[in-house]
Structures are given as C-alpha cells and as structure tokens.
Amino acid sequence: MTLAALASDFTRVLGDDSVITERAALRTYECDGLTAYRCIPGLVVLPRTTAQVSYVVRRCHEESVPFVARGSGTGLSGGALPMETGVLIVMSRMTNVRAVDIEDERAVVEPGVVNLELSRRAAPHGYFYAPDPSSQQVCSIGGNVAENSGGAHCLKYGFTAHHVTGLEVVLPDGTVEKLGGYAPDPVGYDLIGAFVGSEGTLGIATEVTVRLMRAPESVRTLLAAFRTMDDAGAAVSAIIGAGILPAAIEMMDALSIEAAEAAVACGYPAGAGAVLIVELDGPAAQVEADGSAVEDHCSAAGAFELRLAVDDAERAQVWRGRKSAFAAVGRISADYIVQDGVVPRTALAEVLGDIAALASSTGIRVANVFHAGDGNLHPLVLFDESKGETERAEEVSTRILELCLEHGGSITGEHGVGHDKKKQMSRMFTADDLDVMQLVRCAFDPASLCNPGKVFPTPRLCGERPGRRTGAHPLQEAGVADVF
Amino acid sequence: MSSDAVTVTPESTADLADAMRAVEADDARVSIRGAGTKQGWGALSRETSVVIETTRLARVIEHATGDLVLTVEAGARLTDVQNAVAAHGQRLALDPPERDATIGGVVASAASGPWRLRYGTPRDQLIGITVVLADGTIAKSGGKVVKNVAGYDLGKLFTGSFGTLGAIASVTVKLQPIPPAMRIVSVAADEPGAVWAAVARSTAEPTAVEWDGRTVHVLVEGAHAAVEAIASTLAGSLGTTTITDTLPATFGARPWSPGEIGIKLTHRLSALDTAVAALRRELPGARLSAHVGSGVVWAGWPVADVASARAAVEALRTVGSTVVVDAPFEVKQAVDVWGPVAAVSLMRRIKDQFDPDHRLNPGRFVDGI
C-alpha cells in the first residue's frame with residue numbers, strides 16, 4: 001500500500017484536519033531542534049486520542065510502513081527526524097490533563113501536555129513536577145518520556161524515569177498496554193524503566209502518570225563569581241565533598257558569560273572567568289545551614305563576589321543568564337553546535353583544560369555552560385560557516401565527546417542519541433552491548449518499524465543471537481542499512 | 001533445584017560467562033543466587049540441575065569517592081558495601097532489612113526499605129550494569145556517570161527480574177552523603193493515614209516514614225543545626241512530643257517470620273488506611289507494617305490453611321496489587337503469588353529474547369517465566 005492510500009485511510013478515520021499531505025505543510029515537520037538533519041516526512045498525522053494513535057500504528061504495522069512519533073520537536077539529537085517513506089505521528093494535539101490528584105501525589109496527562117503546565121497545575125496546591133529541561137515552556141511530556149529528560153535540578157531530583165509511575169503505550173503493532181499507575185512497584189519486568197528514555201523506538205506513550213512533589217519550604221540561589229574555571233571547579237568539589245546536595249549547580253565560563261551579557265544583560269559580576277549558580281532547596285533550617293556552608297566553600301575557593309538572590313525576581317535574574325546561554329552565543333558567533341557530554345565530576349577540571357587546549361590549537365572557540373554538579377557538559381562550539389569553519393567545528397565537537405569517553409563518561413547526558421550520535425555509540429559500547437540492548441527492541445518491535453535508524457549504529461535482525469554475527473550484516477547486504 | 005544440583009561459584013565475570021556457556025552446552029537449567037536471603041521470594045522454581053552462586057564474585061571494582069559512584073561485583077554483601085563506603089561518609093541509599101543480602105540479589109529482587117521514600121528503589125540507584133546472558137554473552141549498559149541517556153537502560157529491566165533474564169555480574173550505583181544528624185519523630189497510630197496526610201503537608205522532607213502497626217516513626221536527617229528545628233515543627237503538627245535520635249530496633253523490619261506468609265500490598269497514597277483495613281479484615285491476626293508515603297503495606301500472617309490463604313489473597317487483589325512475597329511451600333503451590341500482570345505477553349517476548357531456552361530461574365517469575 002502506498003503512503004497515499006494510507007493517507008486516505010487515515011483521513012477517513014481521523015478526519016481531514018488530522019492528516020497532512022501537502023508538501024509545503026509537511027516541510028514544517030522536516031526536523032526537530034537539531035536542524036542540521038532534515039527530511040520531509042512522507043505523511044503527517046495528528047491524532048487526538050489513544051484509539052487514533054493505535055489505529056495509525058496498527059495500519060503502519062500491517063502495511064510495513066515505518067513511523068516516527070514527535071512531540072513539540074525540541075529534541076536536540078534528531079530523535080524525531082522523520083522518514084521520507086514513513087508516517088510522522090505528531091502528538092501535540094493530545095493535550096488534556098486528565099487528573100491532578102494531590103493526595104495521591106500524582107497527575108495523569110496526555111503526551112502533548114507541555115512540561116511546565118504540570119507544575120502550573122500543581123503549584124496552587126503547593127506541589128511541583130520536578131524534571132525541568134530548559135525547554136520546559138514548550139517541550140512535551142511525551143517527548144520527556146522518550147528522552148528521559150533531566151534539567152538543571154535533576155542533581156537532587158533525578159530524571160523523568162524517576163518521576164513516571166504509569167504509562168499507557170501504543171506498542172509498535174498497535175496494541176495498547178497500561179503499565180503501572182498510581183501505586184508503586186508494578187509487578188513483572190520494569191517495562192516503564194525500559195520504555196522511558198528509549199527515544200521513541202519502543203512505542204508511543206499516549207498517557208503518562210507522574211509523581212508530583214511537595215514544593216520545598218525554602219529556596220536559596222547563590223551566584224558566585226570566580227577569576228578562573230579552576231577556582232569554580234574547586235568550589236564545586238568542596239561543596240559536594242562536604243556532603244551537601246544542592247538542587248542545582250551550574251557553571252558558565254567567560255565566553256558564555258560574555259554571550260549572555262550581550263543577549264540579556266544578566267549583569268553578572270564584571271571580570272568573572274567563571275560563575276557558579278548554586279541553588280539549595282528544602283526545609284528552611286537545612287537550607288540555612290547548607291547555604292552558609294556553600295558560601296564559605298565558594299569564598300575559600302577564591303570567589304570574589306557572592307550574590308544571594310533574596311526573592312523570586314532576583315532568582316529569575318540570576319537564572320536569566322544561564323537559561324539564555326545557548327541562544328545567546330548567537331550574539332557572538334555566526335554559527336554554533338550545542339554539544340552534550342558527561343564526565344565524572346572529578347574529571348571536570350582536566351576535561352575543561354583539554355577542551356581549552358583543543359580550542360586554542362584549532363582556532364575554534366568553545367563556550368562552556370554546564371551542569372557542574374553531575375558532570376554534564378554543554379560545550380558550545382562556535383564557528384562561521386561562511387568562513388569554511390564547519391568541518392573543523394564538527395571535528396572539535398566530536399573530539400570533545402571522545403574526551404568525555406576517555407574520562408569514563410558518556411556521549412550524552414540528556415539530549416539523547418537519536419540520529420546524531422548513533423555513530424558514537426560504538427565508541428561507548430561493544431557490539432555485544434548494543435546487540436543485547438537490541439533484544440529489547442526485538443521484543444517490542446520485531447518488524448523494526450518504530451522510529452527505525454535511531455539510537456543504534458547498526459540495526460539487527462531479530463532472531464540473531466548476540467555476538468554471533470558472521471560476515472556482513474544481513475541488513476547491510478540487503479542494502480537496507482549502513483554500518484557506521 | 002534438585003537435591004544433587006551442582007553449585008558453581010564464579011570469581012570473575014569471565015568465570016560467570018564460562019559457567020553459563022557450560023550450562024548451555026549441557027542443556028541444563030540453572031538457579032542463580034546470591035546469599036540466598038530471599039530464596040523464598042517469588043514463585044516456586046521448576047527443577048534446575050545447576051546453581052550459580054555469586055558470593056565469590058564480590059570485589060569492589062571502583063569507588064570513585066569524589067564522584068559518589070561505586071562499581072561493585074554482584075556477590076558483594078550490602079552490609080560490606082555500606083561499611084566500605086561509610087568510611088568515606090557515604091552510603092548506598094538502599095536499606096532492605098535482609099542485611100546479609102548481596103547487592104546483586106537486592107537488585108534482582110528490587111528489594112527496598114524505609115529509605116525508598118527519599119531515594120527510591122534499586123532502579124533509582126543503578127547507573128550501570130554488566131550482565132551475563134544464558135548463552136554467556138557479556139553485556140553492559142549505562143556507565144559510571146550519574147547522568148547518562150546513551151542507549152537502552154538494561155539496568156532497569158534487570159532490576160526486579162529475579163534472575164530470569166540473565167545473571168548480574170556487576171553494578172554501578174550512585175552513593176549519597178551520610179547526613180550528619182538524625183531525629184525520629186514518633187506518634188502512636190492504629191491507622192497511619194492521618195499521620196501521613198500531616199507529614200505530606202509538611203515541608204520536612206523526611207528520609208523515611210515507617211509504620212510498625214502501632215506507631216509511625218518519621219526519620220528526619222540533615223545538618224546538626226537543622227534537624228532539631230525540623231523535627232520539633234513536625235512533631236508539633238503531628239501532636240506528639242516524642243523525638244529521639246536513635247532508630248527503633250524494628251525500623252523497617254519485615255513483619256513476618258519463617259513459616260508465615262509475607263504479603264506486599266501496594267496502593268495509591270490516599271488509600272493507605274483502606275489498604276490497612278483490608279489487610280486487617282482479610283488476614284485476621286496479621287502483623288502489619290508500611291512504608292508510609294511510598295504506597296507499600298506489608299503483612300505477616302501465620303498460615304491457617306491453604307484454602308483460606310488463597311481466598312484472602314484473592315480478596316486483597318480487589319483492593320490493590322498483592323504479591324505473596326514469602327510463604328510455605330504448600331501455599332506457594334496453591335496460590336498465584338504474583339497475581340495479575342499487565343502486558344504479560346510483552347514480558348514473555350522479552351524473556352524469549354534474553355533467555356530463549358528458558359534456562360534461568362525457570363518458573364520463579366510472573367506467569368511462569
């Protein structure tokens with residue numbers, strides 16, 4: 001069956017306004033937040049109900065047509081990159097908040113609900129939803145589930161996987177399954193754990209039950225300015241070493257501070273080679289005790305200015321520079337790549353030194369903004385395409401990931417593998433590791449139709465045993481896949 | 001297992017893989033175990049001719065103290081791990097009461113204790129895992145950094161899988177700083193629901209809230225300068241003046257003894273008293289305890305007879321998910337210990353992918369897996 005025939009089938013069942021076939025309209029969906037990769041989808045559907053999602057997926061399965069799910073499209077790894085020969089299922093019309101049950105500390109939402117909406121609904125009751133990716137004003141919960149999104153405050157609160165207690169999912173054959181719910185510890189294999197963070201390759205979440213948390217009594221946000229990154233790094237080590245667990249510790253270097261000043265005039269202390277934002281939250285007495293200890297550690301490490309945000313307005317001002325940093329580098333560079341890598345926290349200083357050396361030897365500037373508390377780096381690789389720097393910038397960006405791996409880290413802390421980093425998966429994992437992961441894929445999606453070509457460098461035929469591949473890969477021989 | 005089963009005690013991941021390959025070559029079935037503290041948990045295993053015991057696979061591979069990350073082989077005892085990291089002011093935030101348990105066993109059974117309120121369960125501590133499949137394939141997922149989304153999370157899939165997908169060779173877990181001070185606020189309560197409602201409304205952020213059938217104990221941890229103030233405020237709102245700085249001996253203990261039925265009932269948080277009432281009604285004379293605020297109530301019941309055990313469990317399943325955790329042989333034979341399971345056909349497909357010949361801990365898990 002052709003996509004055109006599927007399109008008329010979907011139009012009949014979902015209605016005219018839920019199917020897009022016009023090339024100009026399809027182009028809207030050609031990429032996600034990683035715009036370097038583009039592909040105009042063969043067909044776009046915008047279902048409103050679980051039954052519609054199930055119908056679309058079942059028909060795709062019956063006709064062996066690949067499909068990709070997409071939320072708000074803010075992903076930064078090309079995880080929602082569509083396929084020319086496939087159907088893109090856009091979940092942004094499923095936006096109902098089905099329940100907010102404070103006494104159960106749970107909310108039930110459809111996947112198109114925007115992350116921040118959850119905390120907005122919970123706030124009047126004194127509760128909040130903890131995962132706070134920086135795109136939280138626009139990113140959807142369904143996308144958060146796919147990517148296992150974190151955020152600045154995941155140092156204390158963990159990631160999406162720690163906050164999802166129930167899922168309704170449409171499996172890649174169209175079957176609808178309810179996993180977990182309000183109660184903890186669902187019996188059997190932890191399918192929610194397997195699904196969250198699977199980057200849309202194991203099915204499509206159509207309902208998400210999340211944990212709501214009691215809002216902390218007190219929040220204290222400190223901005224500390226240092227002459228050097230080393231000093232700021234020493235402060236981070238001292239804070240963590242003292243057994244203090246802040247909600248967030250963020251670091252910015254001179255170049256990213258410069259960019260943020262140019263963009264939003266955040267007013268960070270002049271002459272800072274690095275700033276730290278340390279946010280503590282919890283019971284007032286605890287925050288008070290930790291707060292003075294944090295200030296002491298920062299001063300001892302050489303902080304030349306400490307600013308304590310005393311109210312929400314001041315807190316917003318402190319965070320403004322940090323939250324605008326990615327976009328702000330556009331002020332100081334024609335083009336840039338946002339990288340996402342992780343190193344053990346204790347390796348931060350060394351890796352930052354290596355990145356600085358790399359920048360000076362290649363002439364490609366790198367601005368550093370990162371979640372210092374958990375070692376998650378977001379180097380911004382600055383370049384000018386019109387000066388022919390693209391290739392060198394990509395090399396620098398790749399080399400940074402290699403540095404992360406050399407220090408025992410990861411190629412992605414929160415942006416995901418998607419389309420962008422599947423080649424690097426082979427650097428981080430052995431062929432057996434990847435084959436065994438793909439056993440999970442084979443259990444969920446034996447026909448390999450659900451967001452195919454993402455996460456794994458080499459697709460595998462279900463039924464092969466791990467580690468027993470001989471000769472060329474069958475999919476490769478068949479001309480279906482390339483091996484990276 | 002059969003009485004003449006061969007026991008193998010691998011000392012390395014490579015040994016473990018060799019043992020698995022030997023099992024496959026012999027077309028045998030195998031029981032995988034750690035210290036054996038929870039051999040009574042789960043459904044009855046079908047007969048196996050080989051036992052793989054991980055207790056000699058027990059090295060600490062790396063304790064990155066500054067990173068609060070520990071990589072340890074599966075057979076290391078939780079108590080030994082806690083002692084080792086405590087020397088650096090750290091702890092693994094898992095406190096199931098089976099103190100001789102191995103770390104692999106804790107992960108494989110998803111065993112948890114009071115601290116789960118603040119820190120979650122084993123799935124939430126795990127940041128990396130190395131497993132050996134039934135055919136000897138060694139595979140890892142995750143890593144040794146606390147933030148990492150590269151690849152599928154096999155650790156979560158293996159957590160609570162009761163050894164039916166493969167043997168856990170080693171795990172990497174995050175550690176937590178040991179808080180300098182603690183207070184326990186205690187309040188008598190026949191039914192813990194109202195106490196929980198008050199704790200939930202407070203902003204004390206307790207580490208644990210445990211009910212032992214008579215009293216709710218709220219564990220508050222933090223800085224020396226903070227815990228007294230937090231505990232006093234909390235005590236005031238709970239209408240008690242009992243504040244101590246030592247945990248009661250029974251804190252977190254499972255409420256059953258050998259030979260009794262141990263039951264775990266999970267519930268939505270607002271239904272705590274409903275769950276307690278159902279357990280009292282269906283299991284007369286049972287001892288109860290609860291991880292209050294986590295949605296878990298435990299019961300220990302001296303067995304009357306198999307038929308009434310079966311009837312009671314059936315009745316409890318209309319209230320919430322009810323697992324017969326531990327029970328005498330005759331009860332396990334007669335009762336569906338796991339109860340109804342969502343998406344069980346998908347779980348079977350996962351089992352078929354990981355252990356296609358169904359060699360590992362056969363029958364122990366849900367639906368005969």
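The values are calculated or read from the model by the stated rules, or taken from the named source; none is laboratory data. These figures come from a predicted structure and were not determined experimentally. Here the Cβ positions follow ideal geometry from the backbone for every residue, glycine too, while neighbour counts run over all protein chains shown. Side chains included, ligands, DNA and RNA excluded: accessible areas come from the protein's heavy atoms. Shrake-Rupley method; radii C 1.70, N 1.55, O 1.52, S 1.80 Å.
Scanning region A:181-201 for residues that are of a type outside the set (A, V, I, L, M, F, W, C) and either modelled with pLDDT under 95 or in a helix (DSSP H, G or I) (or both) yields a single hit, A:Gly193.
Screening A:Arg441 with (1) without any contact (Cβ under 8 Å) to a residue 40 or more places away in the chain; (2) facing chain B (nearest Cβ under 8 Å) gives one miss only, at (1).
Elements of the type strands (runs of 3 or more DSSP E) sitting completely within region A:1-101 and holding at least 2 residues that are in contact with a helix residue (DSSP H, G or I) (Cβ under 8 Å, 6 or more places away or on another chain) and farther than 18 Å from A:Ser448 by Cβ: these cover A:43-45, A:97-101.
If the condition is being closer than 16 Å to B:Arg348 by Cβ, hydroxyl-bearing (Ser, Thr, Tyr) and within 7 Å of another protein chain (Cβ to nearest Cβ), then region A:175-209 contributes only A:Tyr189. Would you confirm whether or not region B:166-180 contains a residue that is within 24 Å of A:Ser426 (Cα to Cα) and assigned to a loop (DSSP other than H, G, I, E, B)? For region B:166-180, residues within 24 Å of A:Ser426 (Cα to Cα) and assigned to a loop (DSSP other than H, G, I, E, B): present.
Residues are listed down the side, and each one gets a yes or a no for (1) at pLDDT 95 or above; (2) open to solvent by 10 Å² or more (accessible area, probe 1.4 Å); (3) in the same structural domain as A:Val310 (by TED's automatic domain parsing):
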| site | (1), (2), (3) |
| --- | --- |
| A:Arg121 | yes, yes, no |
| A:Gly126 | yes, yes, no |
| A:Ser135 | no, yes, no |
| A:Gly142 | yes, yes, no |
| A:Ala152 | no, yes, no |
| A:Leu167 | yes, no, no |
| A:Pro172 | yes, no, no |
| A:Glu177 | yes, yes, no |
| A:Thr206 | yes, no, no |
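List the helices (runs of 4 or more DSSP H) that sit entirely inside region A:346-449 and contain at least 3 residues that are modelled with pLDDT of 95 or more and touching a strand residue (DSSP E or B) at 6+ places or on another chain (Cβ under 9 Å). Working first, answer last.
Working: elements: A:348-362, A:390-406, A:422-428, A:431-444.
Helices (runs of 4 or more DSSP H) meeting the threshold: A:348-362, A:390-406, A:431-444.
A quick yes/no check of all residues on (1) surrounded by fewer than 21 Cβ atoms within 10 Å (Cβ to Cβ); (2) without any contact (Cβ under 8 Å) to a residue 24 or more places away in the chain:
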residue: B:Val51; (1), (2): yes, no
residue: B:Arg59; (1), (2): yes, yes
residue: B:Ala76; (1), (2): no, no
residue: B:Thr79; (1), (2): yes, yes
residue: B:Gln82; (1), (2): yes, yes
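Considered as a group, the residues in region A:408-444 that are acidic (Asp, Glu) and within 20 Å of the chain's Cα centre (by Cα) include one that is nearest to A:Ala347 (Cα to Cα), and that residue is A:Glu414. Only one of the listed residues (A:Val294, A:Val287, A:Val343, A:Val264) is in contact with a Lys or Arg (Cβ under 7 Å, 6 or more places away or on another chain) and within 14 Å of chain B (Cβ to nearest Cβ). That residue is A:Val287.
Quick one: which residue in B:Gly113, B:Gly151, B:Gly136 is in contact with a strand residue (DSSP E or B) (Cβ under 6 Å, 6 or more places away or on another chain) and either open to solvent by less than 20 Å² (accessible area, probe 1.4 Å) or of a type in the set (Lys, Arg) (or both)? Even if it seems obvious, please write down each step before you answer.
Numbers: B:Gly113 fails: in contact with a strand residue (DSSP E or B) (Cβ under 6 Å, 6 or more places away or on another chain); B:Gly136 fails: in contact with a strand residue (DSSP E or B) (Cβ under 6 Å, 6 or more places away or on another chain).
So the residue among B:Gly113, B:Gly151, B:Gly136 that is in contact with a strand residue (DSSP E or B) (Cβ under 6 Å, 6 or more places away or on another chain) and either open to solvent by less than 20 Å² (accessible area, probe 1.4 Å) or of a type in the set (Lys, Arg) (or both) is B:Gly151.
The residues listed here are B:Gly213, B:Gly222, B:Gly239, B:Gly193; of these, the one that is in contact (Cβ under 8 Å) with a residue 12 or more places away in the chain and surrounded by 24 or more Cβ atoms within 10 Å (Cβ to Cβ) is B:Gly222. Kindly indicate whether any position in region A:331-341 is in a loop (DSSP other than H, G, I, E, B) and surrounded by 23 or more Cβ atoms within 10 Å (Cβ to Cβ). Yes, region A:331-341 contains at least one residue that is in a loop (DSSP other than H, G, I, E, B) and surrounded by 23 or more Cβ atoms within 10 Å (Cβ to Cβ). Residue check: A:Pro452 meets all listed conditions (1) more than 30 Å from A:Leu191 (Cβ to Cβ); (2) away from every other protein chain (no Cβ under 13 Å); (3) touching a residue at least 24 places away in the same chain (Cβ under 8 Å) but one, namely (1).
Keeping to region A:358-400, report how many residues are among the small types (Gly, Ala, Ser) and either open to solvent by less than 30 Å² (accessible area, probe 1.4 Å) or closer than 18 Å to A:Pro133 by Cα (or both). Residues meeting the conditions: 7. The residue that is farthest from A:Leu202 (Cα to Cα), among those in region B:140-177 that are at the interface with chain A (Cβ under 7 Å from one of its Cβ atoms) and touching a residue at least 60 places away in the same chain (Cβ under 8 Å), is B:Pro177. Just one of the listed residues (A:Val170, A:Val114) is hydrophobic (A, V, I, L, M, F, W, C) and in contact with a Gly (Cβ under 6 Å, 6 or more places away or on another chain), namely A:Val170.
Rundown of residues vs (1) within 24 Å of the chain's Cα centre (by Cα); (2) open to solvent by 20 Å² or more (accessible area, probe 1.4 Å), yes/no style:
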residue: B:Val6; (1), (2): no, yes
residue: B:Ala17; (1), (2): no, no
residue: B:Val30; (1), (2): yes, no
residue: B:Arg33; (1), (2): yes, yes
residue: B:Thr37; (1), (2): yes, yes
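Note on region A:404-421: among residues that are crowded, with 22+ Cβ neighbours inside 10 Å and more than 9 Å from chain B (Cβ to nearest Cβ), the one that is farthest from A:Ser198 (Cα to Cα) is A:Asp420.
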